[in-house]
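So the structure is just underneath, and the comments pick up after that.
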Amino acid sequence: QVQLVESGGGSVQAGGSLRLSCVASGYTYTGNWVGWFRRAPGKEREGVAAIWTLNGGALYGDSAKGRFTISQDNAKSTVYLQMNSLKPEDSAMYYCALDNFGGRWYDQNRWRYWGQGTQVTVSS
């Protein structure tokens, strides 16, 4: 079956950086969209970034623009999220999603598969 496993989360001071990874098994990233979402306690899940694995084309949510970068290594079936200049408001559980139905990438209901999440905590 399809599995997505996120890693790379942790605790960091404001202004620091983290690199998250999403590894797929049972299904290939190639030819699909892969997205990163996050959910903070008491808040809705929001889209952070998405990448089209055929050419690396990327989309970003407003909160990520200028600070986060999504990238891929198709040979490893892995998508990364490099997060720089982290702020306390970035603290959340970060989830990887695979295979968008099309249209609005930031709509969580338009993704087929999800990982278990990796926790990011940013202290001030």
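Which value in nm describes the separation of the simple spin-label points at Q3 and K43, placed 7 Å from the Cα toward the beta carbon?
Taking the two extended label points, one gets 3.1 nm.
Given a 1.4 Å probe and heavy atoms of the protein chains only, how would you sort Y80, Y113, largest accessible area at the top?
Sorted by accessible area, descending: Y113, Y80.
Report the charge-dipole magnitude of the chain in Debye, nearest 20, computed about the Cα centre from +1 at each Lys and Arg Cβ and -1 at each Asp and Glu Cβ.
Roughly 40 debye for the chain.
What accessible surface, in Å², does a 1.4 Å probe find on K87, ignoring ligands, DNA and RNA and rounding to the nearest 10?
Around 90 Å² of this residue is reachable by solvent.
Among M83, M93, what's the order by accessible area (1.4 angstrom probe), most exposed first?
Descending accessible area places them as M93, M83.
The values are calculated or read from the model by the stated rules, or taken from the named source; none is laboratory data. These numbers were taken from a predicted model, which means no experiment stands behind them. Backbone-built Cβ (ideal geometry, glycine too); neighbour counts: all protein chains shown. Heavy atoms of the whole protein, side chains included, go into the accessibility calculation; ligands, DNA and RNA do not. Shrake-Rupley method; radii C 1.70, N 1.55, O 1.52, S 1.80 Å.
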